[in-house]
Amino acid sequence: MRLPLYSLLGLLGLSNLVLGKALDNVFKVKKGTTLGGCDNYRTGQVNANLDAYFEEAQTIIKTASDAFGKYNTDVQVQKIAKSFFGITPNAKQDGPATTEDGNLLKHVQTWFVNLDNYAQGRSGKIPLYCNSDFLEQTTTVYTKGGTVRKNLVVSDDKAYGKMVPELKTKQYVAFWSRDLKEYYFGTPYTTKPPTYCADRRNIAVVTPMSTGKESISLCLCPAGFFNKANTLEAIDATNSDIGHALQKLETKSLSIVHELVHASEGPYETPDINAWGPLASIKPKIKGQPNPNWPGDTDKFVDMDREAYSAMDAILTAQATNPRQPTENTPENYAWAALAVYLAQNGAKMDYSTGLARPLGGPLVPPAPGGKKLRRDDGIVVAQNFTA
């Protein structure tokens, strides 16, 4: 649902309309309205309240990090950990994960702590842009000071030609940032202008710059992030309808949570869902999604007649049919798990561990899916409407 502006301001609080709070403590926010400038998106209006989105992301992350730290005594967190990360409690279901999953639990707990530290600005500031046109596709070689080296192209430069062999084969092209005096090397865009955000499906990206893993930038896209359809301006924690889908409570802040996982652990260490690989790919519209009548219909957790449309659906379907999915490094899992934790502790306090609202106190482990296995297709790219 979309909230009217007066409701939005009540939820977000008037304090969020003042510039220069938490956001500037964590990011070097590009000023102005051009070349990635964010001024238009810090006005406090609908689709333009970046400060409030970020503060909400901080709250979601802090809640989840604290909760996962209490895994052994929090049954609700155990259910969420099972659904989103495949972490199985011990046979008695009285807290600690099985020996097999103990290291996985520690990994997820550590990443949530790292994520919280990053969101609180304890790991140093990174540049934040609100459009990808701060990067200009080029073949020019620039010095560290930003001056041009004549008669040389990036792919032939000793500093980059050997470091990025994809430049030679034209798989990658160079993008230069006048602000950062650094390159980004990546696949060429076919859009006009040739930038990431020109593709309206793209939402946000953490970009590794040329000086290595420690040098990254975060970019939020005007159309994909700020004007993304079917996302809430702020958390709606009041919904208490049984069967309400978690994906319908997606907020803009959830995309920020996702991107901060990329930023805190490094973009190369945090593959998105569509990078799981051919054997783990889930077709966007395959049949097989958590049964809306569960736990009432206990015959099968996965309803073979329902279709999965979102990345969150793909996560839960994958875990239900193959709990050993490689999800412990996937930002999408952290984002949705964090929102599920938040909604279990606030507002109507519902259990979203199955992806659909049910009262707290339901079974810890969902029943096994029916005997029919889901069909898998190699090379399928997951639906475009996920939190990027």
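Read-outs: derived from the displayed coordinates by stated rules, not from any lab. This structure is a prediction, so every number in the text was calculated from the model and none was measured. Every residue, glycine as well, gets a Cβ built from its backbone with ideal geometry; the counts of neighbours run over all protein chains shown.
Brief remarks follow.
- Put a dot 7 Å past the Cα of residue 364, heading toward its Cβ, do the same for residue 179, and the two dots end up 4.8 nm apart.
- Spin-label proximity, residue 106 to the stretch 27-68 - amide N less than 20 Å from point 7 Å beyond Cα toward beta carbon: 65-68
- Two-site FRET efficiency, residue 72 against residue 169, from Cβ-Cβ distance with R₀ of 45 Å, rounded to 0.05: 0.35
- Mean separation of Cα pairs under 8 Å and 6 or more residues apart, divided by the residue count, gives the stretch 132-194 a relative contact order of 32 percent.
- Cβ-placed point charges (K, R +1; D, E -1), dipole of the stretch 132-194 about Cα centre in debye, nearest 20: 240
- Gain upon complete extension [residue 230, residue 25; 0.36 nm per residue less C-alpha separation]: 70.9 nm
- Close amide H contacts of residue 233 (hydrogens built in the peptide plane, cut-off under 5 Å, sequence separation of 5 or more or a different chain): 3.
- Packing-based ranking, highest mean first, of 327-337, 64-74, 233-243 given that Cβ atoms within 10 Å are counted: 327-337, 64-74, 233-243
- Cut-off 14 Å between beta-carbons: net charge of the residues surrounding residue 40, Lys and Arg +1, Asp and Glu -1: 0
- Within the stretch 31-52, backbone nitrogen closer than 11 Å to the virtual label 7 Å beyond the Cα of residue 192 toward Cβ: none
- Where labels lie 7 Å past Cα in the beta-carbon direction, separation of residue 33 and residue 113 in nm: 4.6
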